[in-house]
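Here is the structure we will look at.
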Ligand SMILES: Nc1ncnc2c1ncn2[C@@H]1O[C@H](COP(=O)(O)OP(=O)(O)O)[C@@H](O)[C@H]1O
Ligand SMILES: [Mg+2]
């Protein structure tokens, strides 16, 4: 149940041996996000992958590949039968994805094959930020006023109705691409164009949202739900105040430093999200802002958290979210007994501007900082890098730390990250 931060250690449970079984994975988010594949490999699973482009690094993890784009709803009628046929041929025992855009396809395939998953209607609502806000409102959950728009004129009217400042963002998106805070009609005109480019790049569509701005720090709630039972719930803080104009998330610390009362309120909201969307078998990740008027939902996902959140949760709580996602998909009850070990934090090192990453220095110096348990170089020099707000946040490196206190873990991460120097040309 909820992680209470008490320091006790316990031996790890053995990892289940799932040799001889096959897991269907939909979509691939890139080499730096290979944790799901590693979790499957550690359990002895074979992977059947559906991905449009030829497999590169994934090839070492996969036994077969269906080259298909499973991220487009417009082609659902063509995509779903092809994936079902592939899944049946490989006798898959489960389906999983960490790729937001593929969650609706994964839900549909799970439901048609009688495998563990989430209801297709929930997947559709969680993928579309407008439907998600509508569902939050129907469920009586604290959220934000949000109006779908297609043109600058509609955006101006929506902003006037809501009142400045407003958020403009893609209706479907990820990695904070195209999410901007406009404090005036002039800024809104500019930001509308940027948000639209981001939406078109991601989905080829024009729909944006104008939203009420939620102030305050942000937290994430990660949950494991297996067979309808909420087996694990933990809050991670993003303690840096993010007040725009764009919204990169650079630092995360777990467990939370919020007061027990606020943490309980946030956990209760997350429980209601899980129940309201009928998420019975999933690892979920919910984002909430702790505003001056109380906690308010940003969004929820029926997939494990991105970046290195699973790693710090594993370090601080002893729970493997990616392993849990794989096991839930394969209908195995995951180990969710917390083994609290203190605090853990990560910081992202991001490019200052778009271009070619030329130099990354200081990784070894960062590794030598007390409290650091890992420094990962996620993007190698020579690679093109993009930046917010038009593109999604790209992380060149991650610094991961642990400590006996929240502040100690955070300080180590800040010190170590400050030693990493990057140049983009
Ligand atoms: N209505 C809002 N009020 C305040 N901040 C917001 C709002 N919507 C989005 N944000 C900020 O932008 C970030 C990215 O927006 P989000 O809707 O989560 O899109 P993405 O799918 O790109 O993560 C959030 O984590 C939050 O910091
Ligand atoms: Mg988000």
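The values are calculated or read from the model by the stated rules, or taken from the named source; none is laboratory data. As the structure is a computational prediction, the values presented were derived from the model and not from experiment. As a convention, Cβ positions derive from the backbone with ideal geometry for all residues, glycine included, and neighbour counts pool all protein chains shown.
Which residues, taken from segment 302-320, are part of a loop (DSSP other than H, G, I, E, B) and at negative phi?
Taking segment 302-320 and keeping what is part of a loop (DSSP other than H, G, I, E, B), we get 302-308, 318-320.
Across segment 302-320, the qualifying residues are 302, 303, 304, 305, 306, 308, 319, 320.
Between 185, 81, 170, 120, which is at pLDDT 95 or above, away from ligand 1 (no atom under 12 Å from the Cβ), touching a helix residue (DSSP H, G or I) at 6+ places or on another chain (Cβ under 9 Å) and under 26 Å from residue 29 (Cα atoms)? So that I can check it myself, show each step before the final result.
On the way: 185 fails: under 26 Å from residue 29 (Cα atoms); 81 fails: touching a helix residue (DSSP H, G or I) at 6+ places or on another chain (Cβ under 9 Å); 170 fails: away from ligand 1 (no atom under 12 Å from the Cβ).
On inspection, the qualifying residue turns out to be 120.
Looking at 182, 155 in this structure, which one is within 23 Å of residue 292 (Cα to Cα), away from ligand 2 (no atom under 15 Å from the Cβ), crowded, with 16+ Cβ neighbours inside 10 Å and not assigned by TED's automatic domain parsing to the domain that holds residue 300? Step through it out loud before you land on a result.
On the way: 155 fails: within 23 Å of residue 292 (Cα to Cα).
From the options 182, 155, the qualifying one is 182.
Quick check on my filter: what residues within segment 298-320 are out of contact with any helix residue (DSSP H, G or I) (no Cβ under 8 Å at 6 or more places or on another chain) and within 16 Å of ligand 2 (Cβ to nearest atom)?
Those that are out of contact with any helix residue (DSSP H, G or I) (no Cβ under 8 Å at 6 or more places or on another chain) and within 16 Å of ligand 2 (Cβ to nearest atom): 298, 307, 308.
Which numbered condition in (1) outside any helix (DSSP H, G or I); (2) within 21 Å of the chain's Cα centre (by Cα) is the only one that residue 200 fails?
(1)
Given the conditions (1) within 12 Å of ligand 1 (Cβ to nearest atom); (2) within 19 Å of residue 147 (Cβ to Cβ); (3) assigned to a loop (DSSP other than H, G, I, E, B), report the number of the one that residue 210 does not fulfil.
(3)
When you scan segment 222-293 for strands (runs of 3 or more DSSP E) that lie fully inside it, which ones turn up with 1 or more residues that are surrounded by fewer than 17 Cβ atoms within 10 Å (Cβ to Cβ) and away from ligand 1 (no atom under 15 Å from the Cβ)? It would help to see each step written out before you state the result.
Values: elements: 229-238, 251-254, 282-291.
Those strands (runs of 3 or more DSSP E) span 229-238.
Against the condition in a helix (DSSP H, G or I) and crowded, with 23+ Cβ neighbours inside 10 Å, how does residue 104 come out, does it pass? It would help to see each step written out before you state the result.
Numbers: in a helix (DSSP H, G or I): yes; crowded, with 23+ Cβ neighbours inside 10 Å: yes.
So residue 104 passes the test.
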